[in-house]
Each structure stands twice: as structure tokens, then as C-alpha cells.
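Structure first, commentary second.
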Amino acid sequence: MDASAPRLDAVDLELVRLLQRDARQTNKDLADAVGIAQSTCLERIRALRAQGVIRGWHADVDPEAVGRPLRAMISVRLRPKTTASVRAFQQEMIGAPEVVAVWTVTGADDFLVEVATEDVAHLRDFVLDHVTGRSEVVDARTSLVYDQVRVWEIPPAAALTPGGTGPEGRSAHPGTSRRSAP
């Protein structure tokens with residue numbers, strides 16, 4: 001375990017698990033579920049937030065419902081690969097409203113950029129205007145997303161078996177849900 005990582009006890013881990021499933025639970029319900037006083041529960045949740053274990057509270061929004069049904073992953077390679085070019089590309093991507101997420105990765109590519117657009121024409125325009133139109137981009141490949149299955153719960157590392165999955169397996173995990181995209 002990383003020396004800078006916060007130490008979490010069983011109650012903290014259970015609170016994190018419950019909040020990952022439903023962050024709108026009341027403090028009373030959370031306290032009852034883990035068997036502690038409401039005031040203790042509130043303090044623990046505040047501490048988890050202060051330690052950076054809980055990074056925020058978010059709504060899971062269906063891209064299709066907000067007029068952006070076409071999803072794509074864009075693999076991008078830069079040259080020259082300098083700190084300045086990497087940061088500039090990251091800033092350009094996170095500033096574009098079409099971008100859902102940006103990952104800086106190792107391997108053949110430097111970035112994976114997830115986008116959600118209205119249609120193929122908007123996707124093409126995004127790729128041309130924001131990706132391939134940049135002089136430092138030497139390669140970009142776009143893959144349409146047909147479907148997304150997301151694991152909503154991240155179990156603590158100690159809960160993983162040597163095979164890399166939790167005791168009940170991920171596929172049947174209640175924190176898993178399917179999100180469709182065309």
C-alpha cells in the first residue's frame with residue numbers, strides 16, 4: 001500500500017461501498033447500515049472527502065437523453081512528446097464540450113479521448129477541428145462505442161483475490177450496470 005494513501009478501516013470501506021452504490025442515501029441510513037451513530041457517520045464521510053478518498057458526488061447522465069447519442073473513443077499519438085505538448089493537448093481536450101474523459105496512457109498511444117456527439121458529422125468535425133488539426137498529433141484513430149458496461153464500485157485492493165477479482169466476481173456484482181450507445 002502507498003505510504004501516502006489513507007488508512008481505511010472496515011467501517012470506512014463499507015461507507016465507501018455503500019456510497020458508490022447510491023450517494024443519495026441519507027446519513028441516517030448509512031449510519032444504520034454500518035452500525036455507528038449518525039454524528040460519527042457524518043464525521044467519517046467528511047474525513048473520507050478531506051482525505052481525497054471520496055472525490056465528489058456525481059449524477060450518471062445518459063448522453064442520449066441530452067442529445068449526444070454517438071459515443072467514440074479516439075486514440076491519439078503526439079510528436080514531439082514534450083511536457084508542454086502533452087499539457088496543451090490535455091487542456092484542449094478537457095475544454096471541448098464533446099469530451100467525456102481524457103486518459104493519458106502508455107504504449108503505442110499517448111491519449112484515449114472519450115467523446116459524445118450528436119451525430120457522425122459532429123464527430124468528424126470534432127476530430128478534424130480539435131484532434132487531427134493540431135500539428136503535434138501524428139496519429140489518431142476513432143472507434144465508435146456500441147455499448148458500455150461500467151463497474152460502479154471499486155473494491156479495496158485487500159478484497160481482491162490473487163486472480164484479480166473479488167470473491168463474488170465482477171460480472172454479477174450489483175454495482176455493475178449497462179449503458180447503451182448506438
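Read the figures in this text as sums done on the coordinates, not as results from a lab. What you are looking at is a predicted structure, and each value in this text was computed from that prediction instead of being measured. Quick reminder, even Gly has a Cβ in these numbers, built from the backbone with ideal geometry, and neighbours come from all protein chains shown.
The table for this structure:
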| read-out | value |
| --- | --- |
| For Trp152, distant residues with modelled amide H under 5 Å away | Thr176, Ser177 |
| FRET efficiency for Leu128 and Val105, using Cβ-Cβ distance with R0 set to 22 Å, rounded to 0.05 | 0.45 |
| Extension gain from Ala121 to Gln90, taking 0.36 nm per residue of separation minus the Cα-Cα distance | 8.8 nm |
| For the stretch 108-113, 3J(HN,Hα) per residue [Karplus equation, 6.51 cos²θ - 1.76 cosθ + 1.60, θ = phi - 60°, Hz, x = Gly/Pro] | 5, 10, 9, 9, 10, 10 |
| Pairwise centroid distance, computed over Cα atoms, of the stretch 29-71 with the stretch 6-28, Å | 8 |
| Ranked by how many other beta carbons lie within 10 Å on average, peptides 92-104, 108-120, 11-23 from highest | 108-120, 11-23, 92-104 |
| Among Ala140, Val86, Val100 the positive-end extreme of the charge dipole of the stretch 63-145 (Cβ point charges) | Val86 |
| Label-point separation in nm, Thr82 to Ala59, each point 7 Å along Cα→Cβ | 4.2 |
| Prolate/oblate/rounded label for the stretch 72-144 (Cα gyration tensor, a/c 1.5) | prolate |
| Alpha-carbon radius of gyration plus Dmax, which is the widest Cα pair, for the stretch 1-58 in Å | 11.1, 33 |
| Separation in nanometres of the label points that stand 7 Å from Cα toward Cβ, at Leu18 and Asp32 | 1.0 |
| Residues Val66, Val53, sorted so that the one with the fewest Cβ neighbours within 10 Å comes first | Val66, Val53 |
